[in-house]
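Here the structure comes first, spelled out in structure tokens, and everything after it is commentary.
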Amino acid sequence: MGLLSPQDEATLKNHLSVITLPVQLVLFTQAFGGSESGDVAKQILNEIASLNDKITVVEKSFVLDTEDKAKYKIDKAPAIVILSDGINTRMRLYGAPTGYEFVGLVEAIIVAGTSKIDLDPETMKWIQAVDKPTHIQVFSTPT
Amino acid sequence: MAAANELITADAIEATEFMDLSRKYHVTGVPKTIVNETIEIMGALPEQMFVRQALDLPDPPEAT
């Protein structure tokens, strides 16, 4: 049984219909010693990908795929890296994307799939003026 | 923010899954944002206020 209800699927499919660019969701999980959340993350991503043919899921091993881990700077799992037409958007999610993280994931997929950022023009100016590496970590919980 | 500037990386972290990190950053409520290990933002803020704090920009002059 899917995690999303048929009604949620219909709503989500409609939200995702604005996507014009291919979006790859790169999922890093641990087969051994990993938590159940890796399986939940995989199921959620597959359900999202089934709603729009521009979205694909690429599975990677946190243990074996060391080159990819280094490329995307992944230091814990489960981790989801969002690519826009193969380009790293530098938006990553750690843990199963349920609750608030699910909303964030969908928003990130839409940004990656449309190249449109829904921010105030003045805020965009501040962000574009950043000239040094900046690492933002947002902690949330499922409920 | 990450999508708008290639120098920015944005991580969304499930706090209960990564308890060691939550302890490290003293996450006692969510959402909590940490920028470059130094700036802490508690709660959800309006867009401009959040970006100002995250980028350590000065407060806007008060309206007269």
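The values are calculated or read from the model by the stated rules, or taken from the named source; none is laboratory data. Quick caveat: nothing in here was measured; it's all calculated off a predicted structure. Positions of Cβ are backbone-derived with ideal geometry, glycine not excepted, and every protein chain shown enters the neighbour counts.
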Criterion (in contact with a His (Cβ under 8 Å, 6 or more places away or on another chain), more than 10 Å from every other protein chain (Cβ to nearest Cβ) and of a type outside the set (Ser, Thr, Tyr)) met by exactly one of A:Val63, A:Val106
A:Val106
Do the conditions hold for A:Ala96, that is, is it out of contact with any Leu (no Cβ under 8 Å at 6 or more places or on another chain), outside any strand (DSSP E or B), among the small types (Gly, Ala, Ser) and within 10 Å of another protein chain (Cβ to nearest Cβ)?
yes
Among the numbered criteria (1) facing another protein chain (nearest Cβ under 10 Å); (2) modelled with pLDDT of 95 or more, which single criterion is violated by A:Thr141?
(2)
Strands (runs of 3 or more DSSP E) fully within chain B counting 2 or more residues that are facing chain A (nearest Cβ under 10 Å), under 20 Å from A:Glu101 (Cα atoms) and more than 11 Å from the chain's Cα centre (by Cα):
B:8-14
Can you give me the number of residues within the stretch A:109-132 that are assigned to a helix (DSSP H, G or I), over 17 Å from A:Ile44 (Cβ atoms) and facing another protein chain (nearest Cβ under 8 Å)?
7
Name the residue that is surrounded by the fewest Cβ atoms within 10 Å (Cβ to Cβ), counting only residues in the stretch A:1-32 that are within 27 Å of A:Lys60 (Cα to Cα) and β-branched (Val, Ile, Thr).
A:Thr20
Unique residue being among the aliphatic types (A, V, I, L, M) and modelled with pLDDT under 95 when the list is A:Val103, A:Val111, A:Val81
A:Val103
Identify the single condition in (1) more than 11 Å from the chain's Cα centre (by Cα); (2) of a type outside the set (Gly, Ala, Ser); (3) within 8 Å of another protein chain (Cβ to nearest Cβ) that A:Tyr72 does not satisfy, given that it satisfies every other one.
(3)
Sole exception among (1) at pLDDT 95 or above; (2) in contact with a Leu (Cβ under 8 Å, 6 or more places away or on another chain) for A:Gly86, by number:
(2)
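Per-residue answers, yes or no, for (1) under 29 Å from A:Ser115 (Cβ atoms); (2) aliphatic (A, V, I, L, M); (3) in contact with a Gly (Cβ under 6 Å, 6 or more places away or on another chain):
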site: A:Leu21; (1), (2), (3): yes, yes, yes
site: A:Gln24; (1), (2), (3): yes, no, no
site: A:Thr29; (1), (2), (3): yes, no, yes
site: A:Phe32; (1), (2), (3): no, no, no
site: A:Glu36; (1), (2), (3): no, no, no
site: A:Ile48; (1), (2), (3): yes, yes, no
site: A:Lys60; (1), (2), (3): yes, no, no
Taking helices (runs of 4 or more DSSP H) that do not extend beyond the stretch A:1-71, which have at least 3 residues that are in contact with a Leu (Cβ under 9 Å, 6 or more places away or on another chain)?
A:6-16, A:37-49
Qualifying residue in the stretch A:89-97 (condition: among the aromatic types (Phe, Trp, Tyr), crowded, with 19+ Cβ neighbours inside 10 Å and touching a residue at least 24 places away in the same chain (Cβ under 8 Å)):
no
